[in-house]
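Below are the structure tokens for one structure; questions will follow.
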Amino acid sequence: MPRKSHSSGQKHCHRTDLYASIPRTCLPIVYHPDYNITFMGLEKLHPFDAGKWGKVIRFLKEEQFINDGNLVEAREAAEEDLLVVHTKRYLNRLKWSLVVATITEIPPLLFLPNFLVQRKVLRPLRTQTGGTIMAGKLAVERGWAINVGGGFHHCSSDRGGGFCAYADITLAIKFLFERVEGISRVTIIDLDAHQGNGHERDFLDDRRVFIMDMYNRYIYPGDEYAKRAIKRKVELDWGTEDSEYLQKVELHMEGTLNEVLPDIIVYNAGTDILDGDPLGGLSISPQGIIKRDELVFRAAKRRGIPVLMVTSGGYQKKTARIIADSILNLHRQGLIEGDAAEGEGSSPLTTHMTSTSGSVGSTSTAV
């Protein structure tokens, strides 16, 4: 049976809207129109496509894979939710437009009143963060979940950077540890083109979290301190192409999951590995990205491990189409359900083995 979440019996669990029950008629795909950042064109000053999340949803609707009735609507993470990981001091610093301008790398934001910055920039990021937390619970219940946004892997408890203002990956994992029975080991598979230094700093001394990170060794952030948290580090060279890339994904992912069998995988599925990406520096084809995601979901399903996927970085207009195509491929391959009715009862992914033991011991920035 799926694990049951609980909100009582632990004094440190605050009241939250992010773990509300979701109807079984909904697919575990999380999104809200508020994800998209549009504000007088200022969002165009960063190479990130700040409307890509809505485009992914539009493509999935055009293919009749989802509709407004079976999509899970994300909720904004409240301050009490954010304080599960973030320091009060850090959240207070976000009340300064200069700080937000630095984190998001959109310099004109520093000239705007902070109430506008909160509404037009930080609220979308808080809503995506809430979506990641919600998707964590759904993944355990349904066997898989995809937050169409999120993946802010450069943000840690006390500092942001690289367009990442909130540590959604850390938050989702902390919520699972605190609120969901049977979750005691998590593996992060971070396949964004950039090192995930935020969650690495947060889990540096936490043996419950095993981190595999595969990234371009020559680009932002180059955080040597954070690299100490990586249990399986795969550093790539400029221009790495499909064949070498996919071989390394499969080899190191299988090694990671053979070393420690987790209760859930958090998969950071950045598309900034795409050939031509202005910040990623790798040369992976659209087909290579689709195959990469399939490898991760297939390995998880074979072992009965739930997967939480977030979409992270990707800096070309065509990345939204690739993300949508990848999700459709996962459905065609039988790795995710395409009809919410199929999700009734226990999913093969949620009947996780509990008898296994093991311990976990460029000049521009980007998600």
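From the Cα gyration tensor of segment 211-326, with a ≥ b ≥ c the square roots of its eigenvalues, which class applies: rounded if a/c is under 1.5, or else prolate if a/b is larger than b/c, or else oblate? Please list the in-between numbers first.
Numbers: a/c = 1.70, a/b = 1.19, b/c = 1.43.
Since a/c reaches 1.5 but b/c is at least a/b, the shape of segment 211-326 is classed as oblate.
Once you measure Cβ to Cβ distances between cysteines in the chain, which Cys have no partner under 4.7 Å?
Lacking a cysteine Cβ partner under 4.7 Å: 13, 26.
So what is the diffusion coefficient of segment 119-271 in µm² per second by Stokes-Einstein at 37 °C and 0.692 mPa s, using a Kirkwood Rh over Cα pairs? Intermediate results must be reported in sequence, preceding the final value.
Numbers: Rh = 15.7 Å.
Answer, rounded: 209 µm²/s.
On average, how much area does the Cα convex hull of segment 62-119 cover when viewed from any direction, in nm²? Display every interim value, and only then the final one.
Numbers: hull surface 25.6 nm².
Computed as one quarter of the Cα hull surface, the answer is 6.4 nm².
Considering only C-alpha atoms, what is the centroid distance from segment 237-262 to segment 143-201, in Å?
When both Cα centres are located, 20 Å separates them.
Let's test the formula: R0 of 30 Å, r as the Cβ-Cβ distance of residue 38 and residue 298. What FRET efficiency results, to the nearest 0.05? Working shown, then result.
Values: r = 36 Å, r/R0 = 1.22.
Rounded to the nearest 0.05, the efficiency is 0.25.
Work out the length of the dipole vector of the chain about its Cα centre, built from +1 on the beta-carbon of each Lys and Arg and -1 on the beta-carbon of each Asp and Glu, and round it to the nearest 20 debye. Intermediate results must be reported in sequence, preceding the final value.
Details: 45 positive and 46 negative charges, 163 e Å.
The calculated dipole for the chain is roughly 780 debye.
All other residues with a Cβ under 13 Å from the Cβ of residue 205 taken together, and with Lys, Arg as +1 and Asp, Glu as -1, what is their net charge?
Values: positive: 201, 207, 208, 228, 231; negative: 200, 202, 206.
Local charge sum for residue 205: +2.
Quickly rank 188-194, 26-32 as a protection proxy: mean count of other C-beta atoms within 10 Å, highest first. All intermediate terms of the calculation are to be shown ahead of the outcome.
Values: 188-194: 27.7, 26-32: 24.9.
In descending order of packing, they fall as 188-194, 26-32.
Of 338, 102, 219, which is farthest towards the positive pole of the chain's charge dipole, taken about the Cα centre with +1 and -1 on the beta-carbons of Lys, Arg and Asp, Glu respectively?
Highest projection toward the positive end goes to 102.
Here is a follow-up. Quick check: net charge around residue 143, other residues with Cβ under 9 Å of its Cβ, Lys/Arg +1 and Asp/Glu -1?
Numbers: positive: 142, 301; negative: 141, 337.
Residues near residue 143 contribute 0 overall.
Give me the 1.4 Å probe accessible area per residue for the chain, excluding ligands and nucleic acids, in Å². Please report the intermediate quantities before stating the final value.
Details: 14140 Å² over 367 residues.
Computed with neighbouring chains in place, this is 39 Å² per residue.
In whole Å, what are the Cα extents of segment 95-145 along the three principal axes, biggest one first?
Principal-axis extents of segment 95-145 (Cα, largest first): 45, 18, 13 Å.
Kindly provide the Kirkwood hydrodynamic radius of the chain in Å, to one decimal, from all pairs of distinct alpha carbon atoms. List each step's numbers first, then the result.
Working: mean 1/r = 0.0498 Å⁻¹.
Evaluated over the chain, this radius sits at 20.1 Å.
The values are calculated or read from the model by the stated rules, or taken from the named source; none is laboratory data. Since the structure is predicted, the reported quantities are computational estimates derived from the model, not experimental observations. FYI the Cβ positions are ideal-geometry reconstructions off the backbone, even for glycines, and counts take in every protein chain you see. Please note that ligands, DNA and RNA were not included when accessible areas were found on the heavy atoms of the full protein model with its side chains. Shrake-Rupley method; radii C 1.70, N 1.55, O 1.52, S 1.80 Å.
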